[in-house]
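> A single structure is presented below for examination.
Read the figures in this text as sums done on the coordinates, not as results from a lab. None of these values were measured; they are calculated from a predicted model. Here the Cβ is made from the backbone with ideal geometry for all residues, glycine too, and neighbour counts use every protein chain on show.
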Amino acid sequence: MPNEPEQSGSADVRAALLRLRRASGLPVAFGGLVTGTGRFRITELTGAATTALRGLSIHSGNGLGGKTAARSRPFAVTDYHSSAVISHEYDGAVGAEGLKSVLAVPVVVRRRVRGVLYGALRQPLQLGDRPLSAALEAARELEQALVVQDEAERLLSVARQPTAADPVMWEEVREAHSALRTLAQRVGDPLLRQEMLAACGRLAAASGGHREARAVALSPREVDVLSCVASGATNVAVAERLGLRPETVKGYLRSAMRKLGVRTRLQAVVAARRAGLLP
């Protein structure tokens, strides 16, 4: 099967599978996200002895994972090859990996199945509540990561629009900048995070103060704090957004004000915009 570029969200899928294995005690976990209408592709494996499952395209309704995706609920089988409750299009790949007991749980975001996570044993044993609970928890965490990723993509679409002179558009750009910097800390996909921070840089440069940017060097966290402050957030609100303590926010704000040579929060925002650090 030809190599494909790493799909968005793969880092989050890998993290979910590692959590699943750790919490469930199952030696093998694998899964992937929906790549097209009616199918998803297994892109990530952990604990596997072969690459037989990697890249496998699962169609809705087929096999254990396809049934899980079609019905949007978990399913498990004690012996994959002899199970009468699933179809057997993928027996070759499952057999090559030597899997017997397998469970599958859906990853559902806004009522739409976005992927499937599997956990498996190489013995035909009944899977109890612990593995299923662990798989469901891993799926829930992946769902939250995908919600964050979706919001990041939405904000990036705003950032990619040509900047207009309309003050209303500028406010939208500034809100997108603040939200992007905040979300970047929560995104697991390093490529998406890099794109988000690059978009923040483009938005800041669009303010017209980029020529002065070299004169002031603020840390990323200081810019994060100022970005939130620029949207009208209090120190407590900034702390909640960034996962910091209010005292830590005050420290970053004081440091930024000192570097910018100002005495008030408003002056700090204005100076940061002039320096091309904020849009």
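> List the lysines whose Cα lies under 28 Å from the Cα of residue 67, skipping any in the same chain that are fewer than 8 positions away.
100
> Could you tell me the calculated FRET efficiency between residue 171 and residue 140, based on Cβ-Cβ distance and R0 = 30 angstrom, to the nearest 0.05?
0.30
> How would the stretch 1-126 be classified by its alpha-carbon gyration tensor: rounded, prolate or oblate, with rounded meaning a/c under 1.5 and the a/b versus b/c comparison settling the rest?
Rounded shape, in that the Cα axes give a/c under 1.5.
> Pairs of Cα atoms under 8 Å, at least six residues apart: use those to get the relative contact order of the stretch 10-140, whole percent.
It comes to 27 percent, rounded to a whole number.
> Sticking with this one: Sum up the charges of everything whose Cβ sits under 14 Å from the Cβ of residue 127, counting Lys and Arg as +1 and Asp and Glu as -1, but leave residue 127 out.
Surrounding charge for residue 127 is +2.
> Between residue 82 and residue 130, what is 0.36 nm times their sequence separation minus the Cα-Cα distance? Round to one decimal in nm.
14.9 nm
> Another one. Using Cα atoms only, what is the angle between the long axis of helix 190-205 and the major principal axis of the chain, expressed in degrees (0 to 90) to the nearest 10?
That helix lies at roughly 20 degrees to the long axis.
> Pick out, from 77, 123, 61, the residue whose Cα sits farthest towards the positive end of the charge dipole of the stretch 10-140, with +1 on the Cβ of Lys and Arg and -1 on the Cβ of Asp and Glu.
Selected residue: 61.
> Turning to a different aspect of this structure: For the chain, what is the charge dipole size about the Cα centre, in debye to the nearest 20, if Lys and Arg each add +1 at the Cβ and Asp and Glu each add -1 at the Cβ?
840
> Of 129, 79, 224, how do they rank once you tally other Cβ atoms within 10 Å and put the fewest first?
129, 79, 224
> Let me ask something else about it. What full-extension length gain, to one decimal in nm, is calculated for residue 39 and residue 186 as 0.36 nm per residue of separation minus the Cα-Cα distance?
Fully extending the segment from residue 39 to residue 186 adds 50.2 nm.
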